[in-house]
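Read through the structure below, which is laid out as structure tokens, and then see the notes.
Please treat every number below as a calculation from the coordinates, not as lab data. Values in this document were obtained by computation on a predicted structure and should not be read as measured data. Every residue, glycine as well, gets a Cβ built from its backbone with ideal geometry; the counts of neighbours run over all protein chains shown.
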Amino acid sequence: MIASVLQYLVENPYLLGITVLLIVFILALSVLFSGPKPAKNPFSPKHVRPVGHLVSDQKERDRVLKQRFKADKVPENLDTVIIGSGIGGLSVGVLLARAGKKVLVLEQHDQAGGCCHTFHDKGFEFDTGVHYIGKMEPHDDDRVLMDQVTGGRVEYPRMDEAYDIVAMGDPHQEKVRKYPFLSDEKKLKENLIRCFPKEKDAIESFFKLLRESRNFFEGYFVLKLLPKWLARLLISTGLFNIVFKSYAKFGRITLKKVLEGLTEDEELKGTLSYIFGDYGVVPSRCPFGLHTTVMRHYFSGAYYIRGGPSEVPFQMVQVIEELGGKVLVNAPVSEIIMNSGRAVGVKVQKGDSQVEIYAENIVTDAGVSNTFLRMLPKEVATKSSLYPLINKLGESLSYMTVFIGLNGTKEELGIQAHNCWSFTRPDLEQAFQDYIGMPLDKVRDAEVPMMFVSFPSAKDPTWHDRNPDKSTCLLITLSKYSWFQQWEEGRVKHRGEDYEDLKTIIGKKMLQHCIKLYPNIEGKVEYFDVGTPLSNKYYLGFQHGEMYGLDHNMQRFLPEPAIQLRAKTDIPGLYLTGQDIMSAGLTGALFGGLLCASELLHRNLYNDLQALKKELKKSS
Ligand SMILES: Cc1cc2nc3c(=O)[nH]c(=O)nc-3n(C[C@H](O)[C@H](O)[C@H](O)COP(=O)(O)OP(=O)(O)OC[C@H]3O[C@@H](n4cnc5c(N)ncnc54)[C@H](O)[C@@H]3O)c2cc1C
Ligand SMILES: *[C@@H]1O[C@H](CO)[C@@H](O)[C@H](O)[C@H]1NC(C)=O
């Protein structure tokens, strides 16, 4: 019997390959987290509690999110110091604390949350870096993990079925053509065919490729989960590509190439590319698999966060502190302290002096560039194999945000729980290149060729209880750091008139553009302010105001960089978390946290998460 099975396998090399791969894979998983004894499993159905009432009292929220750093607030006997309080940092904090570790999270800004932070000004509340997420149905991996790290106390209201609207055309010159993107694959496809009847075949083919590429991201994730040596072995022998076919196939072809192969219709190509703003890479440089992963992310619905994105850190900080940890703000880390080649602590800058804090491990959520260019001693950083990646991948694009407060309800203003992606031209990449290549004096007169429009107030069902008769709107566009560089030494809110003028000119252009798309908001604007790449630098700590950390171009998704960008660095005691080791996005950074906590706890938390899901299913 065994002999005949072997015989059969030898005659079918493909099956033999898969069998060998499976055996290696199973062995690897057992080797992977052997070594140090695994810590306690941080997951449990007990960690999910019912959603309580929304705490809207600002003082009460600040008591959690704005605890200013003081040396005497630092807990003793720290296991881990975490630099940065984005979702990547806080999720590691919760998972370690649940396994019995004592953690301290240090944040440079005056409130915790990173891209999840929200702010208040003149009676309006604005979100900043999270506008919609997908995969929040009860049994989705993303949702189950989110519930574990927030204690289950966050709700995710669904947005409209048409969650994204693509608006093609210059609203000052022509009638804009609108293409709604629906959160149901079949309906979406049918609707696109209705809009582009001559392009039925191209659309059908595109959706086929959307399906076919669905395992692209799994392959990318597994490379980070396996030990480095094994990941490299599987890649170099070609075995990896047998199992994760779509990883190899759709990581080496750009979105632009695929679309060119399908159609010559510029409008359709532009429409199918619209979501590139979600990961920040133009179609000629973006792997097709990344694009379809982001598109598919919303196929079962797009969601917002009840009470706004700061609800996520608000709950996570409380979980960390219930378990003896601490999250302190106004705590910029200026240096990682090394001892005999090991990261052993950090220095927090307080005025002219520095406070030293020591722990067994150091985790950084501040991004690879910040960590290696600005926190590690130069001689340590340059020896790391991660160092060359900073230049090789480059940083992501920078951006601007216009914050608009409106007088009126959602109904009165004709706004909805959706985002609108407006492009003045269907050849959106060229339009963008033309814009971004302009010198400053031209920028002042130029129309902004692309813009993301969001209405946070319309997405949050609790908004109007808290803010009757008011609404909010955000406009985001890609921008260029060098346009603003001359003011980089200035203090926030005191950069001078020229700076104010420039940002207001661009912001007003965006507002006029938006009024053309949503005419009811005309005359209702009560609040207007503009954030530039310098604002992003100040609030998020990104040196050039970049949007998503390291760039998400083709390079990043090739096997070697994918293997290198992982939680455990080649500097003992130093770990990475957040968007740079997985991908941008709230849940991208969250899974970065899962990978990081896996290393620190010596457990495969992905397997633990699957086991938890089974347990939850049984009990429901
Ligand atoms: C404008 C914008 C819109 C977005 N929209 C969406 C969206 O709709 N949906 C979605 O899923 N994702 C969206 N994203 C992406 C998503 O928000 C991020 O990818 C994710 O939140 C990143 O989490 P993180 O923990 O990796 O980093 P961050 O949230 O950036 O956190 C890093 C933290 O480190 C801190 N830090 C930096 N240097 C230091 C230092 N020296 N000392 C101490 N602390 C330091 C920073 O202040 C920051 O708080 C958007 C991002 C932006 C910028
Ligand atoms: C808001 O609109 C209402 C009704 O249209 C009006 O009475 C009120 O004065 C407006 N408020 C402001 C601050 O403009």
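Where does each of 132-142, 278-288 land if you order them by average Cβ count within 10 Å, highest first?
Ranked from most to least packed, the peptides come out as 278-288, 132-142.
Place a label point 7 angstrom from the Cα of residue 353 along the Cα-to-Cβ direction, then list the residues of the range 102-119 whose backbone nitrogen is under 19 Å away.
none
Number of Lys-Lys pairs in the range 67-196 under 23 Å by Cα, sequence gap 8 or more or different chains?
The result is 10.
Using the Karplus equation 6.51 cos²θ - 1.76 cosθ + 1.60 (θ = phi - 60°), what ³J(HN,Hα) coupling, rounded to whole Hz, does each residue of the range 200-209 give in order, writing x for Gly and Pro?
With the stated coefficients, the range 200-209 comes to 3, 4, 4, 5, 4, 5, 4, 5, 5, 5 Hz.
Using θ = phi - 60° and the Karplus relation 6.51 cos²θ - 1.76 cosθ + 1.60, list the HN-Hα couplings for the range 52-65 in order, rounded to whole Hz, with x at every Gly or Pro.
Residue by residue, the range 52-65 yields x, 6, 7, 7, 10, 5, 5, 5, 5, 5, 4, 4, 8, 8 Hz.
Return the ratio Rg/(2.2 N^0.38 Å) for the range 379-487, where Rg is computed over Cα atoms only. Don't skip to the end; give the middle numbers.
Numbers: Rg = 19.3 Å, N = 109, 2.2 N^0.38 = 13.1 Å.
Rounded to two decimals, the normalised Rg is 1.47.
What pairs in 470/537; 245/614; 37/228 have C-alpha atoms more than 25 Å from each other? Walk me through the intermediate numbers first.
Details: 470/537 29 Å; 245/614 27 Å; 37/228 20 Å.
Correct reply: 470/537; 245/614.
Listed highest first by mean packing, meaning other Cβ atoms within 10 Å per residue, what order do 50-63, 168-181 come in?
Ranked from most to least packed, the peptides come out as 168-181, 50-63.
Can you pull the one-decimal nm distance between simple spin-label points at residue 494 and residue 517, each 7 Å off the Cα toward Cβ?
Going by the 7 Å Cα→Cβ label model, 3.7 nm.
By how many nm would the segment from residue 614 to residue 340 lengthen if fully extended, with 0.36 nm per residue of separation less the alpha-carbon distance?
Working: separation 274, 0.36 × 274 = 98.64 nm, distance 4.45 nm.
Extending this stretch completely gives an extra 94.2 nm.
Using the per-residue mean of other Cβ atoms lying within 10 Å as a proxy for protection, in what order, highest first, do the peptides 75-85, 379-389 fall?
Packing proxy ranking, top to bottom: 75-85, 379-389.
Give the order of 49, 158, 566 when sorted by the count of other beta carbons within 10 angstrom, beginning with the fewest.
Values: 49 12, 158 17, 566 23.
Listing 49, 158, 566 from fewest to most nearby Cβ atoms yields 49, 158, 566.
If you average the sequence gap of Cα pairs under 8 Å that are 6 or more apart and divide by the length of the chain, what percent do you get for the contact order?
It comes to 22 percent, rounded to a whole number.
Output wanted: per-residue J couplings in Hz (rounded whole) for the range 578-588, from phi through Karplus 6.51 cos²θ - 1.76 cosθ + 1.60, θ = phi - 60°, x for Gly and Pro.
x, 5, 5, 9, 10, 7, 5, x, 4, 7, x
Under 5 Å between amide H atoms, partner at least 5 residues away or on a different chain: which partners does residue 460 have, H built in plane at 1.01 Å?
none
Using a Förster distance of 25 angstrom, determine the FRET efficiency expected from the C-beta separation of residue 607 and residue 211, and round it to 0.05.
0.40
Share of antiparallel DSSP beta bridges in the chain, in percent to the nearest 5?
In the chain, approximately 75 percent of DSSP beta bridges are antiparallel ones.
Would you work out the charge dipole size for the chain about its Cα centre, treating the Cβ of every Lys and Arg as +1 and the Cβ of every Asp and Glu as -1, and quote it to the nearest 20 debye?
1600 debye
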